[in-house]
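Below is one structure, written out as structure tokens; the observations come after it.
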């Protein structure tokens, strides 16, 4: 039977293959919707992931605000209110960075 052998013996050892986990790096970037805004105006900050979040991701900004990127999505946003007109301050620059992700 089975190939016309007199006695075909099956080797009981399993065929094993190691699967190596590859690290898939995900990057989060921060952008602002405006390069310039009047005093008292709003800036929308958007955090973007290069891969979909498997669970909610919280991005903390240097201005104290947080952005939540929901599970299954790649983008989240928050609105920042710039300082109102001030007679002692003739314009300024706002710089915001990502300080933490979790």
Let me know the Rg and Dmax you get for the chain when you use only its Cα atoms, in Å. 27.4, 102
Give, to the nearest whole percent, the P(r) tail of the range 40-85 beyond 12 angstrom, counting all Cα pairs. 60
For residue 5 and residue 50 in the same chain, what is the full-extension length gain: residue separation times 0.36 nm, less their Cα-Cα distance, in nm? 10.5 nm
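Every number here is computed from the coordinates shown, using simple stated rules; none is lab data. Worth saying up front: this structure is predicted, and the values here are computed from it rather than measured.
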